[in-house]
Amino acid sequence: MQAEDIAQYLRDHPEFFEAYAGMLAEVNIPHPHGGRTISLSERQMLTLREKNRLLEKKLHEFIEIAKENDALQNKLHNFILALLAGHNLMSLQEAVTASLRDIFAIPHAALHVWKGLPPSAEVLAFADGLAQPVCTHEAVHETASWFGETGPELRSFAYIPLRDGEHSIGLLILASEDAKRFYPEMGTVFLQRIAEAVSAALRSHH
């Protein structure tokens, strides 16, 4: 008889443990960490403790994620309030870049609104084709030059399209010298929220 057959028998006949309850206290099995044998009941207790430990660890992870999300929500709220302080297109553009630096600790941000500074045909086509923010390790077309002398030192970028309906009205770019700050696989939910907030603010000055 194979071990699998015994295990299946016990699963199919749970009454076995009632009929031979005393035997459970007599069975000794190896301690999971070696060195000695323990009773089956002790082994079950260790298993339950390990499960509890894993559940506590998972709960701690969920709590930390919730705290991070709450902090991001607060930052986004403060960012939107800063946008409301923009009284014209120039002050709004300044509020966007300054708030990204002060609230989100984004080292570099460039905001171009087509109304004041039409882009090249390549950049316009790129922005029009973006359905949502995208992160890269390479600057798209000539956009690195939007950061002046810092452009060649930048190693990661987040391209955030600003839209009025189906048409792009501008492009917001976040950048960093740290290649790990923005990367292709990162989530863009909050970047999309930033895109929606800035787009809405720009439409009132468009």
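The values are calculated or read from the model by the stated rules, or taken from the named source; none is laboratory data. This one's a predicted model, so the numbers in the text were calculated from it and none came from an experiment. Here Cβ is always computed from backbone atoms with ideal geometry, including for glycine, and neighbour counts include all displayed protein chains. Just the protein is used for accessible areas: all its heavy atoms, side chains included, with ligands, DNA and RNA removed. Shrake-Rupley method; radii C 1.70, N 1.55, O 1.52, S 1.80 Å.
Work through the residues other than Arg11 whose Cβ is under 13 Å from its Cβ and net out their charges, Lys, Arg +1 and Asp, Glu -1.
So the surrounding residues net to -4.
List the lysines whose Cα sits under 30 Å from the Cα of Lys180, skipping any in the same chain fewer than 8 residues away.
Partners found: Lys57, Lys58, Lys67, Lys75.
How much net charge surrounds Gly151 when only the other residues with a Cβ under 14 Å from the Cβ of Gly151 are counted, with Lys and Arg +1 and Asp and Glu -1?
Residues close to Gly151 contribute a combined charge of -4.
With a 1.4 Å probe and all protein chains kept in place, how much accessible area does His141 have, in Å² rounded to the nearest 10?
For His141, solvent-accessible area is about 110 Å².
How much length is gained on full extension from Gln8 to Glu153, taking 0.36 nm per residue of separation minus their Cα-Cα distance?
Going from the current span to full extension adds 45.8 nm.
Counting only C-alpha contacts under 8 Å and six or more residues apart, can you give the relative contact order of the range 67-200 as a whole percent?
24 percent
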